[in-house]
Amino acid sequence: MNSYEILFVLAAALAQDEERKNAAVELVKTIIADGGTVSSVDELGLKKLAYPIQKKNEGYYVLIEFEAPADLPKELDRRLRISDDVIRHIIINKNEK
């Protein structure tokens, strides 16, 4: 099991709708829990983006640390790319230097 962290940005409209925002975060946690374990979830909140993404200037940031086998981040990346709620994401392997 490798140690990873994912930072993803949800559309700011989701921050207004608590139910949809929680559903999007839970979806990511569920994908991770299928093959790994979630260590911590840190919802950083609504922040201004450094540059406009899809004509949006704000996003809701969430940071999740988890442990998983090497193939899980690829599946997680694939599923987040097709999600309409996630506007950006990055997965980092914390074991690599």
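None of the figures in this text is laboratory data; all of them are computed from the coordinates on show. Predicted model only: the values in this text are computed from it and were never measured. Neighbour counts run over all protein chains shown; Cβ positions are idealised from the backbone, glycine included.
Between the Cα long axis of helix 72-81 and the first principal axis of the chain there is an angle of about 20°, rounded to the nearest 10.
Spatially close Lys pairs in the chain, defined by Cα atoms under 29 Å apart and a spacing of eight or more places or different chains, total 26. Computed from the C-beta positions of A70 and E26 and an R0 of 25 Å, the FRET efficiency is 0.55 to the nearest 0.05.
Peptides 61-68, 44-51, 88-95 ranked from most to least packed give 61-68, 88-95, 44-51, packing being the mean of other C-beta atoms within 10 angstrom over each peptide's residues. Compared with the dominant Cα axis of the chain, that is its longest principal axis, helix 18-33 is turned about 20°.
Karplus-based coupling profile of the range 54-59, in residue order and whole Hz: 6, 6, 10, 10, 10, x, with θ = phi - 60° in 6.51 cos²θ - 1.76 cosθ + 1.60 and x standing for Gly or Pro. Sequence-distant contacts, meaning Cα pairs under 8 Å at least 6 residues apart, place the relative contact order of the range 2-93 at 48 percent. Charged side chains reduced to their Cβ positions (Lys and Arg at +1, Asp and Glu at -1) give the chain a dipole of some 460 debye around its Cα centre.
The slack between N2 and K47, meaning 0.36 nm per residue of separation minus the straight C-alpha distance, is 13.3 nm.
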